[in-house]
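Some notes on the structure that comes next.
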Amino acid sequence: MKVLIRGAGVAGLTLAHELATRGADVTVVEKRREIAGNASWQAGGMLAPWCERESAEEAVLALGRGAADWWDAALPGHVCRRGTLVLAPARDAGELDRFGRRTSRFRQLDACEIATLEPALAGRFGRGLFFAGEAHLDPRKALLALRDKLLGVGVRIEFGHRSGYADVEVDCTGIADRRSELRGVRGEMLVLQTAEISLARPVRLLHPRVPVYVVPRSANLFMVGATMIECDAAGPITARSTMELLGAAYALHPAFGEAELVETGVGVRPAFADNLPRVERDGRNIRINGLYRHGFLLAPAMAGQAADMILGNPAAKEFALEAHR
Ligand SMILES: Cc1cc2nc3c(=O)[nH]c(=O)nc-3n(C[C@H](O)[C@H](O)[C@H](O)COP(=O)(O)OP(=O)(O)OC[C@H]3O[C@@H](n4cnc5c(N)ncnc54)[C@H](O)[C@@H]3O)c2cc1C
């Protein structure tokens with residue numbers, strides 16, 4: 001079975017992995033010149049299904065709870081399972097209660113327990129929520145490692161042009177897919193670098209207007225994200241968003257005020273009206289899209305569904321045989 005996947009974001013590469021593992025002959029075509037710069041490249045890499053339930057449907061939790069295991073199996077050593085810490089400044093303590101009412105599988109922490117988990121935050125917050133079952137990865141390292149692994153098992157990855165015949169074509173082009181009611185949700189982020197503070201896990205700082213998260217990466221880097229703006233413009237980050245993200249990072253710890261601002265970035269999240277992802281099929285064309293703010297969390301489940309549709313479903317086999325005749 002020859003499968004052509006358009007788009008080398010997290011949707012396309014996870015599907016390529018799923019199909020190659022099951023024996024398909026896979027080609028990925030990416031219109032950019034490299035695996036960088038798309039929405040997946042800008043992501044925080046949080047695998048946080050219980051926290052995301054605060055604003056997402058139950059389906060996101062159901063589809064996402066296996067994501068850390070999938071990534072761990074696909075890319076051993078990339079997943080960091082240290083949970084998520086959720087905090088709020090004293091004046092916004094009500095936000096913690098609201099967050100807790102909408103989520104599950106967390107433990108309430110007092111100031112001492114916060115200091116034990118994250119010594120750099122000692123004395124700064126009186127209460128927090130700890131989601132011990134959550135994980136994160138560095139999305140850029142994961143995408144590049146996935147690319148290398150795929151190349152190693154014979155998947156072709158072609159940049160800048162479209163390949164030839166395939167039995168099945170899968171569109172994983174994210175916000176570039178204009179055939180449907182997809183909308184863009186702009187996400188702006190920063191990368192700060194400082195050796196003055198270290199964090200072991202993603203920290204979410206709640207705020208009624210500007211909730212942010214800080215995700216630690218190697219080399220003293222911290223990804224700070226992200227705005228959620230209903231618009232599909234991919235232009236540079238605005239001054240306002242920069243100020244708000246920096247202000248929130250500074251509120252988490254003043255050491256971020258002295259950090260180097262080494263990168264700003266913008267990604268446009270592809271979303272359907274219900275903010276849930278879809279795997280759709282029309283004859284020999286399949287589409288995975290609408291990963292919204294959950295690409296790393298939900299792509300493994302979506303890839304599994306699409307691979308079943310392509311390889312495991314009798315109807316899919318039938319149309320593949322017809323295509324060969
Ligand atoms: C700031 C930010 C933070 C985020 N944080 C998280 C997080 O912590 N955890 C999480 O799970 N999710 C997170 N997300 C969401 C996640 O990044 C997206 O859901 C995900 O990247 C969408 O992946 P995709 O593969 O559908 O799209 P993309 O990553 O945009 O990939 C689509 C690819 O298709 C290519 N393409 C377009 N047209 C064509 C064509 N005609 N032919 C070939 N190729 C084409 C594009 O160049 C692109 O490379 C975040 C998003 C943003 C913006």
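The values are calculated or read from the model by the stated rules, or taken from the named source; none is laboratory data. On a predicted model such as this, the values are computed, not experimentally measured, just so you know. Ideal geometry is used to build each Cβ from the backbone, glycine not excepted, and the neighbour counts take in all protein chains shown. For the accessible areas, the whole protein counts, side chains as well, though only heavy atoms, and no ligand, DNA or RNA atoms are used. Shrake-Rupley method; radii C 1.70, N 1.55, O 1.52, S 1.80 Å.
Data overview
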item	result
Hits in region 204-218 - residues which are part of a strand (DSSP E or B) and touching an Asp or Glu at 6+ places or on another chain (Cβ under 7 Å)	Arg217
Unmet requirement for Val262, which otherwise passes all of (1) in a loop (DSSP other than H, G, I, E, B); (2) more than 12 Å from the ligand (Cβ to nearest atom)	(1)
Conditions (1) closer than 24 Å to Glu52 by Cα; (2) more than 10 Å from the ligand (Cβ to nearest atom); (3) surrounded by 15 or more Cβ atoms within 10 Å (Cβ to Cβ): number failed by Cys231	(3)
Helices (runs of 4 or more DSSP H) fully within region 1-89 counting 3 or more residues that are in contact (Cβ under 8 Å) with a residue 60 or more places away in the chain and near the ligand (Cβ under 8 Å from one of its atoms)	10-21, 39-42
Test set (1) at positive phi; (2) touching a helix residue (DSSP H, G or I) at 6+ places or on another chain (Cβ under 9 Å) - Gly184 fails condition number	(1)
Residue within region 271-286 that is modelled with pLDDT of 95 or more, within 12 Å of the ligand (Cβ to nearest atom) and closer than 16 Å to Met223 by Cα present	no
Cross-chain or 6+ apart pairs with Cβ under 8 Å, region 194-220 first and free of Cβ contacts under 8 Å to residues at least 40 places away in the same chain, then part of a strand (DSSP E or B) and open to solvent by 30 Å² or more (accessible area, probe 1.4 Å)	Ala219/Gln193; Asn220/Gln193
Considering residues of region 187-228 that are among the β-branched types (Val, Ile, Thr) and near the ligand (Cβ under 10 Å from one of its atoms) only, the residue farthest from Asp92 (Cα to Cα)	Val215
Among the residues listed as Gly257, Gly247, the single one being within 27 Å of Gly83 (Cα to Cα), free of Cβ contacts under 8 Å to residues at least 12 places away in the same chain, away from the ligand (no atom under 12 Å from the Cβ) and assigned to a helix (DSSP H, G or I)	Gly257
Enumerated strands (runs of 3 or more DSSP E) restricted to region 126-186, each holding at least 1 residues that are surrounded by 15 or more Cβ atoms within 10 Å (Cβ to Cβ), in contact (Cβ under 8 Å) with a residue 40 or more places away in the chain and near the ligand (Cβ under 10 Å from one of its atoms)	168-171
Residues (in contact with a Gly (Cβ under 9 Å, 6 or more places away or on another chain) and of a type in the set (Asp, Glu)) located in region 159-211	Asp171, Asp177, Glu188
All positions within region 98-109 that are of a type outside the set (S, T, N, Q) and open to solvent by 70 Å² or more (accessible area, probe 1.4 Å)	Arg98, Arg101, Arg102, Arg105, Arg107
